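**Student:** Below you will find the structure I want to go over with you.
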Amino acid sequence: MREPSEHRSILLGEYIIETGATVRAAAKVFGVSKSTVHKDVTDRLSHDDPVLCKQVKAVLEKNKSERHIRGGMATRRKYKGE
């Protein structure tokens, strides 16, 4: 996806809010690296759309607080053979 970084940051922010996606999931959908997604939604988005940036930060904080649970579930599936 070759979008200007300003436009891409807004698209990424809206996608993360609508779906509650993680940085990795958003990166996969948009075809960019997770570093690019993180840079776009934290740094660039704060300049482009501060209100959207606050909403995205809330979703990212929620995802961060739940990641240990997702990791445990993945390990459980691995050893159960699912």
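Values quoted throughout were computed directly from the atomic coordinates according to the rules given, and no laboratory measurement underlies them. Since we're looking at a predicted model, the values are computed, not measured. When we count neighbours, we look across all protein chains shown, and the Cβ atoms used for this are built from the backbone with ideal geometry, even at glycine.
**Student:** If r is the Cβ-Cβ distance from Ser5 to Arg67 and R0 is 22 Å, what FRET efficiency results, to the nearest 0.05?
**Tutor:** Given R0 = 22 Å and the Cβ-Cβ separation, E is 0.25.
**Student:** Now for a separate question. Tell me the relative contact order for the chain as a rounded percent, counting alpha carbon contacts under 8 Å between residues six or more apart.
**Tutor:** Worked out over the chain, it gives 31 percent.
**Student:** Now, a different point. Give, in nm to one decimal, the length gained when the segment between Lys57 and Arg76 is fully stretched (0.36 nm per residue of separation minus the Cα-Cα distance). Present the calculation step by step, with values, prior to reporting the outcome.
**Tutor:** On the way: separation 19, 0.36 × 19 = 6.84 nm, distance 2.89 nm.
That pair, Lys57 and Arg76, stretches by 3.9 nm at full extension.
**Student:** Enumerate lysine pairs in region 5-80 that are 8 or more residues apart or on different chains, then count those whose Cα atoms are under 28 Å apart.
**Tutor:** Pairs that pass both the separation and distance tests number 22.
**Student:** Let me ask another. Just to check I understand the Karplus step: with θ = phi - 60° and J = 6.51 cos²θ - 1.76 cosθ + 1.60, what whole-Hz values come out for region 42-50, glycine and proline as x?
**Tutor:** Karplus-based 3J(HN,Hα) across region 42-50 equals 9, 8, 5, 5, 5, 8, 7, 8, x Hz.
**Student:** A further question on this structure: For every helix of n ≥ 4 consecutive DSSP H residues, a contribution of -39,500 (n - 2.57) applies; sum these over the chain, divide by its total residues, and give [θ] at 222 nm rounded to the nearest 500 deg cm²/dmol.
**Tutor:** -24500 deg cm²/dmol
**Student:** Would you mind ranking Glu66, Glu6 by Cβ crowding within 10 Å, fewest neighbours first?
**Tutor:** Lowest count first: Glu66, Glu6.
**Student:** List, in order, the whole-Hz ³J(HN,Hα) value for each residue of region 16-25 obtained from phi through the Karplus relation with A = 6.51, B = -1.76, C = 1.60 and θ = phi - 60°; use x for Gly and Pro.
**Tutor:** Values, residue by residue: 5, 5, 5, 9, x, 5, 7, 4, 5, 5 Hz.
**Student:** Within region 12-26, whose backbone N sits under 17 Å from a point 7 Å along Cα→Cβ of Lys34?
**Tutor:** 16, 20-26, by backbone N distance to the label point.
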